[in-house]
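Here's the structure we're looking at; comments come further down.
The values are calculated or read from the model by the stated rules, or taken from the named source; none is laboratory data. Since we're looking at a predicted model, the values are computed, not measured. With ideal geometry, Cβ positions are generated from the backbone for all residues, glycine too; neighbour counts draw on all protein chains shown. For the accessible areas, the whole protein counts, side chains as well, though only heavy atoms, and no ligand, DNA or RNA atoms are used. Shrake-Rupley method; radii C 1.70, N 1.55, O 1.52, S 1.80 Å.
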Amino acid sequence: MAQLEKQPAQFSIVAQLCRSLEETTKRNEKIRLIGEVLRKIRPEDVAYVTLFLAGKPFPEADPRVLEISYSTLSAAGLTMNQTLLTENTHSLTIAEVFGTLEKLAEVKGAGSKEKRLTLLGSLLNRTTPLETEYLSRMLLGEMRIGVVEGVLLDSIAEASGVSRQLVRRAHMLHGDIGDVARMAMTEGSAALEKVGLRLFVPVKPMLAEMADDIPQVLSEHKEGSAFEYKFDGARIQIHRIEDKVKIFSRRLTDVTDSIPEMVDYAKTKVKVSEFLIEGEVVALGEGGKPVPFQDLMRRFRRVHGIEDMVERIPLRLYLFDLLQSEGKTLIDLPYTERWEILSSLVPTESLAPRVVSRDPRVVEVFLQSALKEGHEGLMAKSLTSDYSPGARGKKWFKIKPVDRLDLVIVAADWGSGRRVGWLSNYHLAVRDDETGEYLVVGKTFKGLRDAEFDMITKRLQALKTKESKWTVHVKPEIVVEVAHNEVQKSPRYKSGFALRFARIAKFRDDKTPEEADTIQRLRKLYEKQFENKGRLLKEVS
Ligand code: AMP
């Protein structure tokens, strides 16, 4: 009854809340502050406030994007009619803010830049400085008010009286945190219990933790594990109801149009007509071997000439999970049962090769065969595990041998955010044996602890040869061991190469820069990949 009487909430409530949240580091206090606001506003505003706190203009599963840059925002700010600034500041509601954001997302075609500026300007015309600050941060995707998703979900639970577990589960399945908050606040547990997967709404993929080796997996998964090939491809989830098929990438973007042969597969090769299956597509090159990831990505970036690409970069699909079939959500079933149903529905050759074993020797042989066939390693999946969307945990482990190179730090960039005051992004180089020159093959800030950042900043400053605004160039002296997953070709660096997923594993103070790895060795390593990997059938631009 009381809810009917609630007035549309003012945007100032959100801005004030953001400020208060930023001012406290206490988790419980944050939860209390959010709960207090959620309880006093209208259900539709609950959804908006929650989305805003999550730093999103639209729900995660909503494909709309705003793409507002800092320069657009300042240009819109300049168009503001200064005289209106003070008069109109008290009437802006949360619903109006979100209404304008929806209009912004719809602007397309000729003159869209001006239309966007006008819309944004009209909004900024009505915000107070405090509101402008948080609105800008949200639009730029930089909320940083110390409210991580877990805090927001716990606040919804606390404010609505629904259990944390149920709120988390509903969020995982539903893909719209605002709507989950609205349901929790209005209809409570009864509504959240009914939330299931929705076909054509992308689901966040379940993720794996890195395992050191096979024995670690065997001791963690006492209940047994299935070891599947880990493909170095692109993960896809295929949704189908009758004739309608949609395919989403790991990052939840709709990639249906770039892989028409997978749409055909979904329509013709699966024994049911309503499902959500998951797998990995791998691009095949010479000799039917998978090509490096870099080449596969060309298929996904293509918007034009898709037919041509279908021929030039053939794909192979390996399926490994089934989340929904014929109206039933299967994510709570144990892995073994989901696999059993999946294998009864699709041709055997589309299933990921796997073994179920507790014998480390058997698994080792299987790992070697995965590598030999050009794949990345193995995934180990607990036999009893459910499918937890978006979660990275021990239910799934990835086992992949990493390569290491000894590289020399030749420059470093000053850090920002948490790493401000440190030289934290290191330019890593190999040596050219013939010329003695150091050639950059990548940059990374990954792998170091805070104390190490501190130490390395001091050491690098002592080696400084020249400096620009962001970068300090140094005498090549510090050698680091860098773990990475792959050597890729890259036009970005003079060396012609870049390392994929580089991270510093350790300092090699025992090595001189002359003992670091060379460009000659890197070239060999790149070529060596093709002992197991395929080359593209035809070079594509
Ligand atoms: P990573 O990207 O290293 O965290 O590893 C997880 C990724 O491995 C997933 O997102 C998938 O794209 C990929 N992957 C390859 N093979 C499998 C598999 N058999 N099961 C699950 N994921 C796999």
Here the residues of region 476-490 lying in the modelled label zone of LEU463, meaning backbone nitrogen under 14 Å from a point 7 Å along Cα-to-Cβ, are 476-482
Amide proton proximity set for ALA516, modelled H, under 5 Å, gap of 5+: none
Full extension between LYS398 and THR336 adds, at 0.36 nm per residue less the Cα distance, a length in nm of 20.5 nm
Assign unit charges at the C-beta atoms only (+1 for Lys and Arg, -1 for Asp and Glu), then state the dipole size of the chain relative to its Cα centre in Debye, rounded to the nearest 20. 520 debye
Rounded to 5, percent antiparallel among DSSP beta bridges of region 402-478: 95 percent
Give the lysines reachable from LYS56 as a straight Cα distance under 19 Å; neighbours fewer than 8 places away on the same chain don't count. LYS30, LYS103, LYS204
Within the accessible area of the chain, what % is carbon and sulfur when the probe is 1.4 Å and the other protein chains stay in place? 52 percent
Calculate the dipole size of region 207-399 relative to its Cα centre from +1 charges on Lys and Arg beta carbons and -1 charges on Asp and Glu beta carbons; express the result in debye to the nearest 20. 240 debye
Which of the aspartates and glutamates could a cross-linker bridge to LYS271, judged by Cα under 13 Å and excluding same-chain residues fewer than eight apart? GLU242, GLU326
Between region 254-291 and region 1-70, how far is it from one alpha carbon centroid to the other, in angstrom? 40 Å
Residue (of PHE445, MET262, ILE341) at the positive-pole extreme of the chain, dipole from beta-carbon charges: PHE445
Give me the extension gain from GLU286 to THR268: residue separation times 0.36 nm, minus the current Cα-Cα distance, reported in nm with one decimal. 3.8 nm
Of the DSSP beta bridges with both residues in region 384-541, give the percent that are antiparallel, rounding to the nearest 5. 95 percent
Alpha carbon convex hull of region 403-529, projected area averaged over orientations, nm²: 7.6 nm²
FRET efficiency (ARG418, GLU326; Cβ distance; R0 56 Å; to 0.05) is 0.70
Express the accessible area of the chain per residue in Å², computed with a 1.4 Å probe while the remaining protein chains stay in the model. 48 Å²
C-alpha center-to-center spacing [region 475-491, region 170-228] in angstrom: 36 Å
Simple SL model, points at 7 angstrom along Cα→Cβ for ASP213 and THR24; separation in nm is 4.9 nm
Normalized C-alpha radius of gyration of region 91-234, against 2.2 N^0.38 Å? 1.47
May I ask which residue of LEU192, MET172, PRO202 lies farthest towards the positive end of the charge dipole of region 73-211, with charges of +1 (Lys, Arg) and -1 (Asp, Glu) on Cβ and the Cα centre as origin? PRO202
Considering lysine pairs in region 372-430 that are 8 or more places apart or on different chains, how many have Cα atoms under 13 Å apart? 4
Estimated distance in nm for a label pair at MET297 and ASP509, the labels positioned 7 Å out from Cα along Cα-to-Cβ: 3.6 nm
Answer with one residue from PRO401, LEU135, TYR387: the one whose Cα lies farthest towards the positive end of the charge dipole of the chain, charges on Cβ with Lys, Arg +1 and Asp, Glu -1. LEU135
Quick shape summary for the chain, equivalent ellipsoid via Cα gyration tensor, semi-axes whole Å in descending order, reads 41, 34, 24
Label-zone membership for region 205-219, site GLU364, 7 angstrom Cα→C-beta point, backbone N under 16 Å: 212-219
